[in-house]
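J.: Before anything else, here's the structure in question.
Just so you know, all these numbers are worked out from the coordinates, no wet-lab data involved. Just so it is clear, the model here is predicted, and its values are computed rather than measured. Cβ coordinates were reconstructed from backbone atoms using ideal geometry, including for glycine residues, and neighbour counts include every protein chain displayed.
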Amino acid sequence: MSLDLAPIIRGVERLLFDLASFDQSGPQIVILHRYRLGVAGIGCQPGEEVAQLLLVHDSRRVNIQLPLGPRLLFDYLARTKHLPQSATQISSSIRLSRFYSQHGKNSGIVSNRKIGQRSVKEYVKRIRRALAMTFEEAGLHLDPKAILVSYPVSNEVRYKLKAHIEWVHVSEIDSR
Amino acid sequence: MARILIVGFDEVVGRSLVDQLRLRRHFVEICPLHSNQVQRCNKEVDIVILDLSKDDISARMVLELLIQHRAETGLKPMMLGVFQSYRGPRVESEIERKGVRVVYVA
């Protein structure tokens with residue numbers, strides 16, 4: 001009896017692709033924004049809501065369970081993932097950003113959070129805990145500290161996200 | 001080029017798989033379920049292809065062993081579980097939850 005081994009070969013290629021993607025840019029995470037107004041194709045706009053974070057692994061999507069504050073911080077770190085930043089830098093950038101100060105406004109209720117320096121440190125811990133739980137659920141044996149990385153520089157710590165991030169807007173999903 | 005370990009397959013199917021993967025320039029080794037090679041499997045191996053068709057205890061034990069190895073070493077070895085018949089969504093999701101990708105061959 002001879003078997004068609006093509007599914008195994010395809011499976012191997014897919015696993016190798018996943019390995020290469022991990023090595024290069026970390027795990028794939030989808031950030032879902034909703035309440036988008038305006039034209040599709042434009043980047044994220046003030047008034048949208050960071051609704052959900054999803055880890056994509058082996059064609060599965062697993063929720064990263066985070067409350068509003070850490071969710072906003074994660075979104076910010078994802079946008080600036082090329083640049084390690086200190087808690088002070090993060091806090092001031094989020095305060096100045098219209099996206100975060102008008103977060104969720106398009107729904108009729110602004111749902112923002114004041115994110116101070118201390119909050120950043122606490123939220124980083126919460127994000128790592130949530131990532132650890134999500135990795136476990138997805139069967140991924142990764143260290144959250146290797147994804148949300150801390151870089152000690154003299155007496156301050158800088159944070160950087162190492163992940164492949166994709167933003168999905170719900171209005172785009174609805175129009176498909 | 002990846003290092004691939006093929007575990008628990010019949011001689012004929014295993015050989016055919018080795019040939020196909022070597023054609024793609026991978027380093028491939030084949031071993032039976034009870035081999036020491038499985039015990040020694042570490043992060044040097046990129047992918048383990050495991051035959052789960054026979055549904056015997058040995059295959060499940062090897063799977064658990066490899067999952068333990070992976071918990072210690074990180075992402076590798078990645079695992080591909082092979083079935084020759086459909087086992088239903090429950091078995092499939094139970095195995096995939098452990099980080100093993102499932103494929104079916106016929």
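J.: Looking at the protein assembly as shown, what % of its DSSP beta bridges pair antiparallel, to the nearest 5?
T.: 45 percent
J.: May I pose another question? Could you work out which residue, out of A:Ser101, A:Ser21, A:Ser154, moves most in a Gaussian network model of chain A, that is, has the largest mean-square fluctuation with Cα springs under 10 Å?
T.: With Cα springs under 10 Å in chain A, the top fluctuation among A:Ser101, A:Ser21, A:Ser154 is at A:Ser154.
J.: May I ask for the Rg/Rh ratio of chain B, computed from Cα atoms with Rh as the Kirkwood radius, given to two decimals?
T.: 0.93
J.: Right, another one. Can you pull the semi-axes for the protein assembly as shown, root of five times each eigenvalue of the Cα gyration tensor, sorted largest first, whole Å?
T.: Equivalent-ellipsoid dimensions as semi-axes: 42, 21, 15 Å.
J.: I've got another one for you. Using a cut-off of 30 Å between alpha-carbon atoms, which lysines can reach A:Lys160, once sequence neighbours fewer than 8 places away in the same chain are excluded?
T.: Hits, sequence-local ones excluded: A:Lys81, A:Lys105, A:Lys114, A:Lys121, A:Lys125, A:Lys145, B:Lys43, B:Lys76, B:Lys98.
J.: Compute the signed sum of charges (Lys and Arg +1, Asp and Glu -1) over the other residues within less than 14 Å, Cβ to Cβ, of B:Val13.
T.: Local net charge: -3.
J.: Tabulate in residue order the Karplus-calculated ³J(HN,Hα) for the range B:58-63, using 6.51 cos²θ - 1.76 cosθ + 1.60 with θ = phi - 60°, rounded to whole Hz; enter x for Gly and Pro.
T.: Per residue, the Karplus-derived 3J(HN,Hα) values read 4, 4, 5, 5, 4, 4 Hz.
J.: Amide H of B:Val102: which non-local residues (sequence gap of 5 or more, or other chain) have their own amide H closer than 5 Å, using H built in the peptide plane?
T.: Here B:Gly81 satisfy the definition.
J.: Quick one: which residues, 5+ away or cross-chain, put their amide H under 5 Å from the amide H of A:Ser86? H built at 1.01 Å from N.
T.: A:Tyr159
J.: Please give the net charge around A:Leu131, taking every other residue with its beta carbon less than 10 angstrom from that of A:Leu131, where Lys and Arg add +1 and Asp and Glu add -1.
T.: For residues surrounding A:Leu131, the net value is +2.
J.: Long-range amide H contacts for A:Val168: which residues qualify at under 5 Å (H placed 1.01 Å from N, peptide plane, sequence gap of 5 or more or a different chain)?
T.: HN-HN under 5 Å from A:Val168: A:Ile31, A:Leu32, A:His33.
J.: Using a 7 Å offset from the Cα along the Cα-to-Cβ direction at both B:Glu29 and A:Gln24, what is the distance between the two label points in nm, to one decimal?
T.: 2.9 nm
J.: If you don't mind, there's one more thing I want to ask. Would you calculate a helix-derived [θ] at 222 nm for the protein assembly as shown, using -39,500 (n - 2.57) for each DSSP H run of n ≥ 4 and dividing by the full residue count, to the nearest 500?
T.: Computed mean residue ellipticity for the protein assembly as shown: -13000 deg cm²/dmol.
J.: Gaussian network model of chain A, Cα springs within a sub-10 Å range: biggest mean-square fluctuation belongs to which of A:Asp23, A:Asp143, A:Asp75?
T.: Evaluated over chain A, the most mobile residue of the options is A:Asp23.
J.: Okay, next question. Charges at C-beta only: +1 for Lys and Arg, -1 for Asp and Glu. How large is the resulting dipole of the protein assembly as shown about its Cα centre, in Debye rounded to 20?
T.: Details: 41 positive and 30 negative charges, 294 e Å.
Value, rounded to 20: 1420 debye.
J.: Only Lys, Arg, Asp and Glu count, each charged at its Cβ (+1, +1, -1, -1), so figure out the dipole size of the range B:3-89 about its Cα centre, rounded to 20 debye. Provide the component values of the computation, followed by the final result.
T.: Numbers: 12 positive and 11 negative charges, 62 e Å.
In debye, rounded to 20, the range B:3-89 gives about 300.
J.: Here's another thing I want to ask about it. Just to be sure I understand: with springs between alpha-carbon atoms less than 10 Å apart, which residue in A:Arg36, A:Arg14, A:Arg98 has the highest mean-square fluctuation in the Gaussian network model of chain A?
T.: Per the Cα network of chain A with a 10 Å cutoff, A:Arg14 tops the list.
J.: May I pose another question? Quick check on the range A:27-175: what are the equivalent-ellipsoid semi-axes from the Cα gyration tensor, as sqrt(5λ), descending, whole Å?
T.: Calculated on Cα positions only, the semi-axes equal 24, 21, 12 Å.
J.: Follow-up. Whole-Hz Karplus ³J(HN,Hα) for the range B:97-102, in order, using 6.51 cos²θ - 1.76 cosθ + 1.60 and θ = phi - 60°, x for Gly and Pro?
T.: 5, 7, x, 10, 7, 9
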